[in-house]
Each structure stands twice: as C-alpha cells, then as structure tokens.
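Notes for the one structure printed next.
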Amino acid sequence: MAFMNTDEDPGLLDGQVAVITGGAAGIGGGASRRLAAAGATVVVNDIDPDLLTAAVTDIQAAGGAALAVPGDIRRPETVTALAEAAGSVAEGRIDVLVNNVGDYRPNGRFLKTGPDEWNALYAVNFEHVLRTTRAIAPAMVERRSGSIVNVSTVEAFRGIPANAVYSAYNAAVNAFTRSLAVELGRDGVRVNAIAPDLADTLQTPAASMLRGRDPEMIGHWVPLGRFGAPEDYGDVVVFLASAMARFVTGHVIPVDGGTLAASGWFLRSDGRGWTNLPDAP
C-alpha cells in the first residue's frame with residue numbers, strides 16, 4: 001500500500017487507540033493505515049489472516065503501531081477478543097471505533113430470497129455493528145470522550161435492484177448512527193458514518209465494475225471522474241475520528257465522487273450536456 005505515509009496528518013491522533021473491524025484491505029485497509037499514519041495505535045480485526053498480517057506489517061514498516069486480532073467479527077467471541085485486546089493497549093483507553101465490515105454482493109430478486117439470505121446479510125452488515133459498539137462504547141463513555149465511525153453505503157439512499165435486503169440493513173446502520181449520536185452526545189461520544197460508492201478494492205475491483213466498458217466513460221458516470229481508492233475513504237474516517245470534527249455528530253457523509261449528488265445524471269458521451277438516460281453501452 002504505497003499511500004501509507006506518516007508525514008501526512010502528523011499528530012492528529014497521537015496517543016489515541018483506534019479499533020477497526022475488517023481493517024486489512026479495501027476501505028478498511030485504507031482506514032487502518034491512515035489512522036496509524038495520523039498517530040493512533042490501531043487494533044485491527046480481519047477474517048483473513050494473511051491480509052491482516054500484511055496490513056500490520058505495512059503499518060509497522062511505516063513507523064506506525066498496530067495490533068492484530070484475527071477472527072470473524074460476526075462471532076461474539078471475536079467481538080469479545082477485540083474489546084479485550086483494545087482494552088489492553090493503554091489501560092483501557094479506546095478513542096476510536098470504526099465499524100467497517102460489510103459485504104456487497106447481489107443477493108437476487110427479493111421474492112426469490114428467504115430467511116437464510118436475510119440472516120446472512122443481517123449478520124455481516126448490521127448485527128456486528130450493534131455487538132461491537134456495545135462492547136467498545138462503554139470505555140468511551142467512561143472517559144467521556146470518543147468517536148465511532150460506521151461504514152454504510154450510498155445504496156442506503158437510493159434504490160438498488162437485486163440488493164433490497166443489503167440496502168435495508170445499511171439504511172439501518174445510518175439510522176443507528178443518528179440515534180446513537182443523540183443518545184451518547186452528552187457522554188462526550190460522537191457517532192458518524194461514511195457512505196462509500198465505487199470503491200476500487202479487492203471486494204469490488206474496478207475491472208469487475210467496468211465489465212469490459214471503456215474506462216474513458218468513468219468521467220461520464222462519476223462527477224469527479226474516477227473510482228475511489230482506499231485512502232479516499234480512510235482520510236474521511238480520520239477526519240471524523242479526530243478533533244477536526246469535534247462538532248460533527250449524527251451525520252452520514254457520502255464519499256462517492258459525487259454519484260449520489262448526480263442521482264442518475266450522466267455526462268452525455270458527446271460532452272454536450274447531461275442526460276438521465278443511459279448514454280453508452
């Protein structure tokens with residue numbers, strides 16, 4: 001991960017302890033590395049031990065501090081292990097929690113799905129957010145200081161065919177974010193979320209998203225003209241986690257290159273104006 005650079009945002013999170021789920025690769029990998037670059041000791045959970053080892057190695061090689069907690073965050077014992085590991089770093093101090101884990105994959109037309117698919121999507125997209133927050137937030141409340149950053153998706157704001165259940169659970173993440181922010185505000189704990197779109201990651205590689213389309217067309221679909229890189233999302237996580245966002249709570253920030261603002265409008269292929277109809281194959 002060449003973007004890891006401890007010269008950027010020096011001291012923004014110095015001395016703090018940050019916990020992140022699914023923090024080895026993709027959006028979580030960008031966030032864990034950027035949190036470490038900003039000075040936090042990062043307690044990184046991930047289900048993939050090889051990617052987790054690589055992430056911690058990257059962070060340490062760049063001069064940062066990180067602790068690995070392998071395991072499936074959907075399992076209660078992993079949540080317990082993560083909370084215990086985080087609590088051991090600085091005598092129980094935990095400053096930041098990033099609930100990053102989620103799984104985007106088309107789950108089919110709703111009428112062809114059933115409880116097995118619903119429960120699986122619930123576990124990976126929402127239930128662990130409740131469990132992990134319940135395990136970590138009390139340490140923040142006790143110190144009357146902390147920041148929770150959840151990772152949702154722009155699909156919680158717009159319709160997405162073949163993903164009705166996925167989008168519903170991410171809408172739940174957004175609602176949980178807002179309500180918990182109100183509940184914990186007087187305890188000194190801020191709660192926000194980011195809503196990514198078009199992240200070029202291992203889970204959603206750009207080549208797969210393009211599916212043979214001309215990459216030059218990206219500028220017609222995305223106002224900023226490119227797909228997102230892990231550090232694009234990680235930097236916004238750092239902002240929300242830091243004192244720079246000290247008066248920001250209860251918000252979901254789209255990190256999407258402008259796709260949600262465009263709301264289905266595309267630059268015409270001839271460059272002459274915009275259309276809300278598909279403009280190219």
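The values are calculated or read from the model by the stated rules, or taken from the named source; none is laboratory data. These figures come from a predicted structure and were not determined experimentally. Positions of Cβ are backbone-derived with ideal geometry, glycine not excepted, and every protein chain shown enters the neighbour counts. SASA here: full protein model, heavy atoms, side chains in, ligands and nucleic acids out. Shrake-Rupley method; radii C 1.70, N 1.55, O 1.52, S 1.80 Å.
Which of the listed residues, Q203, A90, T259, is farthest toward the dipole's positive end in the chain, when Lys, Arg count +1 and Asp, Glu count -1 at the beta-carbon?
In the chain, that residue is T259.
Counting Lys +1, Arg +1, Asp -1, Glu -1, what net charge surrounds R158 among other residues with beta carbon under 12 Å of its beta carbon?
-3
Which value, in Å², gives the accessible area per residue of the chain when a 1.4 Å probe is used on the protein heavy atoms?
47 Å²
Assign unit charges at the C-beta atoms only (+1 for Lys and Arg, -1 for Asp and Glu), then state the dipole size of region 126-240 relative to its Cα centre in Debye, rounded to the nearest 20.
So the dipole magnitude of region 126-240 works out to roughly 400 debye.
Return the Cα extents of region 172-281 along principal axes one, two and three, sorted largest first, each rounded to a whole Å.
Taking the Cα atoms of region 172-281, the three principal extents are 53, 28, 26 Å.
Dipole of the chain (Lys/Arg Cβ +1, Asp/Glu Cβ -1, origin at the Cα centre): which of A61, G188, F239 lies farthest to the positive side?
G188
Report Rg (one decimal) and Dmax (nearest whole number) for region 79-217, counting Cα atoms only, units Å.
According to the Cα coordinates of region 79-217, Rg and Dmax are 17.3, 53 Å.
For M244 and R213, calculate 0.36 nm times their separation in residues minus their Cα-Cα distance, and state this gained length in nm to one decimal.
Gain on extension, M244 to R213, equals 7.2 nm.
Label points 7 Å out from Cα along the Cβ direction at A229 and D270: separation in nm?
3.5 nm
Short version: ³J(HN,Hα) in whole Hz for each residue of region 192-202, in order, from phi by Karplus 6.51 cos²θ - 1.76 cosθ + 1.60 (θ = phi - 60°), x for Gly and Pro, what are they?
After applying 6.51 cos²θ - 1.76 cosθ + 1.60, I find 9, 8, 10, 10, x, 8, 6, 7, 7, 9, 4 Hz.
Once the whole set of protein chains is in place, how much accessible area is left on V69, using a 1.4 Å probe, in Å² to the nearest 10?
The value for V69 is about 10 Å².
For region 46-112, what log10 I(q)/I(0) values come out of the Debye formula at q = 0.13, 0.19, 0.22, 0.23 1/Å, with one point per alpha carbon and no solvent?
Result of the Debye calculation: -0.49, -0.89, -1.10, -1.16.
Using 1/(1 + (r/R0)^6) with R0 = 22 angstrom and r between the beta carbons of V182 and R134, what's the FRET efficiency to the nearest 0.05?
The formula returns an efficiency of 0.85 here.
Amide H of V255: which non-local residues (sequence gap of 5 or more, or other chain) have their own amide H closer than 5 Å, using H built in the peptide plane?
A195, D197
Computed FRET efficiency, Cβ-Cβ of D116 and R158, R0 30 Å: what is it to the nearest 0.05?
Efficiency, from the Cβ-Cβ distance: 0.70.
If I take all pairs of Cα atoms in region 200-262, what percentage of them are more than 16 Å from each other?
Summing the P(r) of region 200-262 above 16 Å gives 56 percent of all pairs.
Give me the percent of the accessible area of region 54-119 that comes from carbon and sulfur atoms, probe 1.4 Å, all protein chains in place.
Exposed carbon and sulfur together represent 52 percent of the surface.
Could you calculate, for the chain, the ratio of the Cα radius of gyration to the Kirkwood radius, expressed as Rg to Rh?
Across the chain, the Cα-based Rg/Rh ratio is 0.98.
Give me the orientation-averaged projected area of the Cα convex hull of region 229-277, in nm², one decimal.
5.0 nm²
Going by alpha carbons, how many degrees (0 to 90, nearest 10) lie between the helix axis of 230-241 and the longest principal axis of the chain?
Roughly 50 degrees, rounded to the nearest 10.
Between I73, I59, I160, which gets the highest mean-square fluctuation from a Gaussian network model of the chain, Cα cutoff 10 Å?
Fluctuation is largest for I160.
Can you give me the three principal axis dimensions of region 94-173 from its C-alpha atoms, in Å, biggest first?
Its Cα atoms span 47, 24, 14 Å along the three principal axes.
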